[in-house]
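Read-outs throughout are calculated quantities, based only on the coordinates presented, and are distinct from any laboratory measurement. Computed from a prediction, not measured in an experiment: that's the story for all the values here. Note that we place each Cβ from the backbone using ideal geometry, even for glycine, and neighbour counts take in every protein chain shown.
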């Protein structure tokens, strides 16, 4: 068996494991707890409305599309996927591991696992040179866009995960109100979005921020400052996403 075939099979196995664990997390559910219900325990402001988590359906489709695409004969020895190596396969296993830490209330460990997942996705994004390569058509839809959306969501999820853990350990926030911290986090995420627009013209990543910020605005109706910041952030990211898309076209 060639190294390329082994990599392809590793990616397939990883997706099967990750999808299975994600499905079981909701249907069993793992440890008798639903993922969203656990999240609702934390009274934090950088959390979107529950419907926002439907984005996982799009991420799953992206995983499947990528897995199918990499099996195309023309892609077996493709330089982009060879350069990616086993990063995607590892990310699937880490994704599954995070669900176990979350559902079994290992919240400190969940932060470390989430940061590992974020690191793997950043490395994957850079290795694939997303939105800077000459990818078009099926390759863009099956490689660039799925990794953009996945990285965008895990960026948001990492901030939320860390925020939940800080709430759990009763961090004082240096005396800064939790609502103010949420506004700061939205501002930082918006700056990341601006950088993505300027350096990558990544409409996929920016669209995830629009979706997430709007969800935060819908969820946090009792915190007017957070709602205002979230809607401003969503509007700004929407403009940047449109700019990025038109520049790409």
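Just to confirm the number: angle between the C-alpha axis of helix 145-168 and the first principal axis of the chain, 0 to 90 degrees, nearest 10? Result, in degrees: 30.
Given an 8 Å cut-off on Cα distances and at least 6 residues of separation, report the relative contact order of region 150-249 as a percent. Computed value for region 150-249: 33 percent relative contact order.
Using a cutoff of 8 angstrom between alpha carbon atoms and counting only pairs six or more residues apart, the relative contact order for region 3-176 works out to 32 percent. What's the angle, to the nearest 10 degrees (0 to 90), between helix 203-219's Cα axis and the longest principal axis of the chain? So the helix axis and the longest Cα principal axis differ by about 30 degrees. Going through (i) 31, 23, 14; (ii) 33, 19, 17; (iii) 37, 21, 19, the figure that equals semi-axes √(5λ) of the Cα gyration tensor in Å as computed for the structure here is (i). Within the listed set 82, 200, 41, the Gaussian network model of the chain (springs between alpha-carbon atoms below 10 Å) gives the highest mean-square fluctuation for 41. Packing here is the average count of other Cβ atoms within 10 Å per residue, and on that basis the peptides 226-237, 170-181, highest first, run 226-237, 170-181. For region 1-90, the calculated P(r) over all alpha carbon pairs, in 10 Å bins from 0 to the bin holding the longest distance, is 14, 37, 26, 17, 6, 0 percent. Packing here is the average count of other Cβ atoms within 10 Å per residue, and on that basis the peptides 126-136, 87-97, highest first, run 87-97, 126-136.
In plain terms, the bigger the Kirkwood radius, the slower the diffusion; for region 37-93, with that radius from Cα pairs, at 25 °C and 0.890 mPa s, Stokes-Einstein puts D at 173 µm²/s.
By how many degrees, between 0 and 90 and to the nearest 10, does the Cα long axis of helix 55-70 differ from the longest principal axis of the chain? It works out to around 10 degrees.
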